[in-house]
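K.L.:
Take a look at this one; I'll ask things after.
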Amino acid sequence: MKIIDAKIIDNLLSTHATADPARVDSVLDKARALQRLSLEETAVLMAADDAASTEKIFDTAADVKNTVYGRRVVLFAPLYISNRCMNNCSYCGFKTDNTAIKRISLTCNQIDEQVKYLLSRGHKRILMVTGEAASVNGKANIDYYTESIAAIYAAKVGPHAIKRVNINCAPLNTVNEFKKLKAAGIGTYQLFQETYHDATYRSVHLSGPKGDPDKRLDAIDLAFEAGIDDVGLGVLYGLYDYKFETLALMQHIEHLENKFNIGPHTISVPRIEPAEGADFTNNIPHAVSDQDFARLIAILRLAVPYTGLILSTRETAQARDRLINLGVSQISAESCTSPGGYGHEDTTNTQFELGDHRTLDQIIGSLISQKLLPSFCAACYRMDRTGENFMEMAKPGTIKGKCQLNGLVTLKEYIDDFASDEVKESGYKLIDEFAEHLDENTRQVLDNFFTHIAQGTRDEYV
């Protein structure tokens, strides 16, 4: 597998098999200064699994997250538009030889219906997800994707529309296809390597184009070359040793920074979950314990402090409430992994089982109870704060002010238009608490936005 040097990783894991408390403290000092950690420094933290070191890692990760992004947590919903797939991935419910599910590819009208349902719940950000098919509804993949993106943006419910569409799809074939994706108005192109361990990769991808691990690695480079400067990486934890996977992910990040001077905009950390028709339902090869999972999330926050960490609804409500405080900055909410499933209580044709079944309103209420700021902001994409421009503000932590202001505006809109009475009460109190700590100029800007919201204006931002 190109880019990934397994010998270097194995040597680091062997060299740092046990923790050196003094070295751990030194690495944490560097992380607290918002400097990206090296591969070896990340390995030092991976070895520090004693109770005292773990507590230090958790505390530092929380501090770093709050320094860079503040208390805000961005919310989004996945929208699965097709489960047709040529790949036979042993861990996935969409794998081609799974005859237990019905294959569905949504039309533009069906996408419009799904988006309007999400808008009526208060959602404003969508991650569009699709399987890898030779063609869909008689169209080339790229044409189906861009048509679907246009349908998402066209959907309206009163004054409400989707602010930003990110996409998780299989590698496109050419730079020109990625340019078409960018021209369609996407925010982030998300592509998970699943596992960076070569032998494991080839053993779990049994057939189909996904069987080539280098094609997936190359796809991220092609996206950058096409001008898509916000990309999302990810590992499916449980396929191989989590320490190896995390260091390999860091190698991939180093490659991107060396070649493009930009790291990933987001990193996702899904764990394998059962799926109808998939393998590993009862025997996950390298299951990651809850404590190790918490540690790797905190270590990733420290290793790449500028990067958004995404936690999906694979995890339980209790786990997500805990992990949000260890460095997670984005979460999915009220998810459905079946194409066309929103509003229809469809528990079939899903990619995997969900762990958090709370409504968007319940999740927002939970965030508010923890004094966290729920946010639907997408201002950075609209203000060209992407790629290097975003990194220039994220690395020193100066993006936090804009994140907080825009988050307060989007929360006020949600509370006014969608929230339950209980969330309204607690939400308005939280807004007041945040507003009390703003400087005079920022408070005036916020008050102006709130006046406009009261007059019916929606979707203002800085």
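The values are calculated or read from the model by the stated rules, or taken from the named source; none is laboratory data. What you see is a predicted model; the values in this text were computed from it and never measured. Ideal geometry is used to build each Cβ from the backbone, glycine not excepted, and the neighbour counts take in all protein chains shown.
K.L.:
For Leu354, only one of the following conditions fails: (1) within 25 Å of Leu411 (Cβ to Cβ); (2) at pLDDT below 95; (3) of a type outside the set (D, E, K, R); (4) surrounded by 24 or more Cβ atoms within 10 Å (Cβ to Cβ). What is its number?
P.N.:
Only one criterion is unmet by Leu354, namely (4).
K.L.:
Also, I was wondering about something else. Inspect all residues belonging to region 252-262 and state whether any of them is surrounded by fewer than 19 Cβ atoms within 10 Å (Cβ to Cβ), farther than 30 Å from Thr99 by Cβ and acidic (Asp, Glu).
P.N.:
Yes: one or more hits.
K.L.:
Applying the selection to region 368-414, what residues are polar (S, T, N, Q), more than 20 Å from the chain's Cα centre (by Cα) and part of a loop (DSSP other than H, G, I, E, B)?
P.N.:
Residues satisfying the conditions are Gln370, Thr398.
K.L.:
When the residues of region 265-311 are filtered to those that are in a loop (DSSP other than H, G, I, E, B) and of a type in the set (A, V, I, L, M), which remaining residue is nearest to the chain's Cα centre (by Cα)?
P.N.:
Going through the qualifying residues, I end up with Val269.
K.L.:
Residue by residue through region 312-334, note down the ones that are within 13 Å of the chain's Cα centre (by Cα) and assigned to a loop (DSSP other than H, G, I, E, B).
P.N.:
Ser312, Thr313, Arg314, Gly327, Val328, Ser329, Ala333
K.L.:
Let me ask something else. If you take the residues of region 430-444 that are assigned to a helix (DSSP H, G or I) and free of Cβ contacts under 8 Å to residues at least 60 places away in the same chain, which of them is nearest to the chain's Cα centre (by Cα)?
P.N.:
Among those residues, the one meeting the criterion is Ile431.
K.L.:
Taking region 97-145 only, how many residues are in contact with a strand residue (DSSP E or B) (Cβ under 9 Å, 6 or more places away or on another chain), modelled with pLDDT of 90 or more and over 30 Å from Ile415 (Cα atoms)?
P.N.:
Adding up the residues that qualify gives 11.
K.L.:
Could you list, in sequence order, the residues of region 106-125 that are closer than 15 Å to Ser148 by Cβ and outside any helix (DSSP H, G or I)?
P.N.:
Correct list: Leu106, Thr107.
K.L.:
Can you say whether Arg125 is buried (at least 24 other Cβ atoms within 10 Å of the Cβ), charged (D, E, K, R), within 20 Å of the chain's Cα centre (by Cα) and assigned by TED's automatic domain parsing to the domain that holds Ala150, as far as the supplied structure shows?
P.N.:
Judged against the criteria, Arg125 is a match.
K.L.:
Which condition number in (1) under 23 Å from the mean Cα position of the chain (by Cα); (2) surrounded by fewer than 19 Cβ atoms within 10 Å (Cβ to Cβ) is the one that Thr107 fails?
P.N.:
Exception for Thr107: condition (1).
K.L.:
Going through region 27-57 one residue at a time, which ones are within 28 Å of Leu405 (Cβ to Cβ) and in a helix (DSSP H, G or I)?
P.N.:
If the condition is that a residue be within 28 Å of Leu405 (Cβ to Cβ) and in a helix (DSSP H, G or I), then Ala31, Arg32 are the ones that fit.
K.L.:
Within the bounds of region 67-80, is there any residue that is in a loop (DSSP other than H, G, I, E, B) and in contact (Cβ under 8 Å) with a residue 12 or more places away in the chain?
P.N.:
Scanning region 67-80, I find at least one residue that is in a loop (DSSP other than H, G, I, E, B) and in contact (Cβ under 8 Å) with a residue 12 or more places away in the chain, so the answer is yes.
K.L.:
Restricted to region 1-21, and to residues that are over 26 Å from the mean Cα position of the chain (by Cα), surrounded by fewer than 16 Cβ atoms within 10 Å (Cβ to Cβ) and touching a residue at least 40 places away in the same chain (Cβ under 8 Å), which residue is nearest to Leu39 (Cα to Cα)?
P.N.:
So, considering only residues that are over 26 Å from the mean Cα position of the chain (by Cα), surrounded by fewer than 16 Cβ atoms within 10 Å (Cβ to Cβ) and touching a residue at least 40 places away in the same chain (Cβ under 8 Å), the one nearest to Leu39 (Cα to Cα) is Ile8.
K.L.:
So Arg72 passes all but one of these: (1) in the same structural domain as Val165 (by TED's automatic domain parsing); (2) farther than 20 Å from Leu309 by Cα. Which condition number does it fail?
P.N.:
For Arg72, the failing item is (2).
K.L.:
Can you tell which of Arg301, Arg320 is over 23 Å from Ile81 (Cα atoms), among the basic types (Lys, Arg) and touching a helix residue (DSSP H, G or I) at 6+ places or on another chain (Cβ under 6 Å)?
P.N.:
Arg301
K.L.:
Restricting attention to region 387-414, and to residues there that are under 21 Å from Pro78 (Cα atoms) and either hydroxyl-bearing (Ser, Thr, Tyr) or modelled with pLDDT under 75 (or both), which single residue is surrounded by the most Cβ atoms within 10 Å (Cβ to Cβ)?
P.N.:
Taking the candidates together, the pick is Thr410.
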